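Right, one structure below, let's go through it.
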Amino acid sequence: MTTSRFNPDENMMRHAIADVDRQLAAQEGGPFGACIVRDGQVVATAHNTVLKEHDPTCHAEMNAIRAASRALGTHELHTCTIYSTTEPCPMCFSAIHWARIPVIVFGTRIADVQKLGFHELDIDNARLVQWGHSPIVLVEDFLRAECLALLQRWQQLPTHTTY
């Protein structure tokens, strides 16, 4: 469902990728990152902290939404775009929808991380848009090869753990 109405910015996705790279170098968690952008400026960048925080809701997108909401002083992020290295899970998609973020740009897909053993629901974002009548625009497979490389680097870590 990639759209021509929105031109994603490679630098913003690479900002999320770089944050995950730092986390992987420190061997501190999963291979997922997110970056929230407004008017071409990064508002918040976050990575997955599920294992570090012992909190199953600490996905990269959730952490980025929390940080962006604090930074902007509002729960409505309707002027923002979220870049996610992997397609948001249904929990994260719902939070993005409720925050009114109009565009999700993502690299790898839920199916990619299911193959690695992550406990994902088999519901992709395109179906969530359709079933929920959500106005969110999806830009799929953006910088896919670079995002797949994150998953491969994570898999090579002796500390890699699925959840």
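For this structure, a couple of remarks:
- Shape analysis of segment 13-163 yields a ratio of the Cα radius of gyration to the Kirkwood radius, Rg/Rh, of 0.94.
- Cβ-defined net charge surrounding Thr49, 14 Å radius [Lys, Arg +1; Asp, Glu -1]: -2
- Mean Cα-pair separation over length for segment 67-126, i.e. relative contact order, pairs under 8 Å, 6 or more apart, %: 37 percent
- Extension gain, Gln152-Val42: 0.36 nm per intervening residue step, less the Cα-Cα distance, totals 37.0 nm.
- Between Asp122 and Met91, the contour length at 0.36 nm per residue exceeds the alpha carbon distance by 9.9 nm.
- The label-point distance for Asp55 and Leu72, in a model that sets each label 7 Å from Cα toward Cβ, rounds to 2.0 nm.
- The antiparallel fraction among DSSP beta bridges confined to the chain stands at about 60%.
- Solvent-accessible heavy-atom area per residue, rounded to whole Å², over the chain at 1.4 Å: 49 Å²
- Sequence-separation-based contact order of the chain, relative, with Cα cut under 8 Å and 6+ spacing, percent: 24 percent
- Carbon + sulfur, % of accessible area of the chain - ligands and nucleic acids excluded, 1.4 Å: 51 percent
- Segment 89-163: relative contact order in percent, alpha carbon pairs under 8 Å with at least 6 residues between: 41 percent
The values are calculated or read from the model by the stated rules, or taken from the named source; none is laboratory data. None of these values were measured; they are calculated from a predicted model. Neighbour counts run over all protein chains shown; Cβ positions are idealised from the backbone, glycine included. Note: accessible area is taken over every heavy atom of the protein model, side chains too, but ligands, DNA and RNA are not part of it. Shrake-Rupley method; radii C 1.70, N 1.55, O 1.52, S 1.80 Å.
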